[in-house]
Amino acid sequence: MTDPIPLVDLAWQHAEVAAEVSKGLEGVFARTAFVLGPEVAEFERRFAEFQGVAHCVGVANGTDALELALRAVGVEPGQEVVLPANTFVASAFAAQRMGAVPVLVDVRPDTLLMDCEAAVSAVGPRTGAVMPVHLFGQMAAMEALASLASVGVPVVEDAAQAQGASRSGVGAGAWGAAAGTSFYPGKNLGAYGEAGAVLSQSDEVAARVRALRNMGSEVKYEHPVFGCNSRLDTVQAVVLDVKLRRLAAWNAERAAAAERYAGLLGGIDGVVLPTVDPANVHVWHLYVVRVPERDRVLSALQAAGIGAGIHYPVPVHLHGAFASLGYGRGDFPVSEEAAASILSLPMFPGITAAQQERVAEALAEALAEVLR
């Protein structure tokens, strides 16, 4: 029987770094500096440099990162946060958790990224921030949000899927007042559990996040502001620092795999290939195509041992958790159409040409069946 092809091969990644991770962990265990140990600060410094920002503040997960970034730039409970309908629910949950109100806009039909012109139009007197989401590995059209600075509305980037991505030479996280990213295991830079970080060019914003993540203060037993317990633990920092040394090369492998997919899939009837904005350097966190009869195609791929998936099958406004926002079906037609047609194909550093050829063959067979 042919081996299945996973959506993401984390076993391959672990094999690449296992020896270095084990060596780093031995030092942590010997020193027992498990919370905010020196390895955390070192990783924060190196990841900030990698992303081209002044500060990286490690936190417990990506959702916390977005919430703390919103709080650190001054968003208050009751204010609105403008974000796209086509995103993972964590983007909207981060706003709701700190008492803000998500205001949704649709996405562009080509890249499926936030329509930034629509976002600017959605800004009103209650707007506390605008949150573009850099989805699938490429960045939203950040230039379109430049006018927000003149009206005092900060931009908080959701950069969870864009580690190493850039736009017009500027890295994800370096455009806005702050950014949140996730180191969930399947991300381009993934931990061995939950982890995240806030990025910012601002000394003041970074200092606020450092306090907020640590019960409201960097000084033990002093709590001048309301904070939380959301610290990047030292074990995860070791893993992330080891993987960070390989991230540029791994992103290059993803780009090569994306180019190979384009050649393999370009002639298959029914496949709409992903669009790359020419201003972007795409890091291919996901390789997302659009196909007719998506659910039937997905079932056929999975039956053939192909680990395909959907990112994301339901737009934010159609989840019960956001019913109170008052949106309904038809309000964001591009996001709704995308949710019905998008299909994520296996994408990871280490994927082989033979594996991608099998994916292409299985996809062609599935589409031939549904289109006949």
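Quick note: the coordinates plus some simple rules give every number you see, no bench work behind them. This one's a predicted model, so the numbers in the text were calculated from it and none came from an experiment. Heads up, the Cβs are rebuilt from the backbone with ideal geometry, glycines too, and the neighbour counts pull from every protein chain shown.
Counting only helical runs of four or more DSSP H residues, what would the 222 nm mean residue ellipticity of the chain come to if each run contributes -39,500 (n - 2.57) and the total is spread over all its residues?
About -12500 deg cm²/dmol.
How would you rank 13-19, 294-300, highest first, on the average number of other Cβ atoms within 10 Å across their residues?
294-300, 13-19
Kirkwood Rh over alpha-carbon pairs of region 247-371, then Stokes-Einstein at 25 °C and 0.890 mPa s: what D in µm² s⁻¹, rounded to an integer?
This corresponds to a translational diffusion coefficient of 157 µm²/s.
Output the direction-averaged projected area (hull surface divided by four) of the convex hull of the alpha-carbon atoms of the chain, in nm².
19.0 nm²
If a paramagnetic tag sat 7 Å from the Cα of H319 along the Cα-Cβ line, which residues of region 159-201 would have the backbone N under 19 Å from that point?
159-162, 180-187, 194-197
Straight-line reach only, C-alpha to C-alpha below 26 angstrom: list the lysines that K243 could link to, leaving out same-chain residues fewer than 8 apart.
Straight-distance partners of K243: K23, K187.
As a test of the definition: which semi-axes, in Å, follow for region 1-153 when you take the square root of five times each eigenvalue of its alpha carbon gyration tensor? Largest first, please.
Equivalent ellipsoid semi-axes, largest first: 35, 22, 14 Å.
Note down the relative contact order for region 247-371 as a percent, whole number, built from C-alpha pairs under 8 angstrom at least six residues apart.
Over region 247-371, the number comes to 36 percent.
In whole Å, what is the distance between the alpha-carbon centres of region 236-291 and region 173-211?
21 Å
If contacts are Cα pairs under 8 angstrom and at least 6 residues apart, what is the relative contact order of the chain in percent?
Once normalised by length, the contact order is 21 percent.
Could you calculate the contour length gain from E259 to A279, that is, 0.36 nm times the residue separation minus the distance between their Cα atoms, to one decimal place in nm?
5.5 nm
Quick check of the Kirkwood formula: for region 294-355, what is the inverse mean of 1/r over all pairs of different Cα atoms, in Å?
For region 294-355, the Kirkwood estimate is 13.6 Å.
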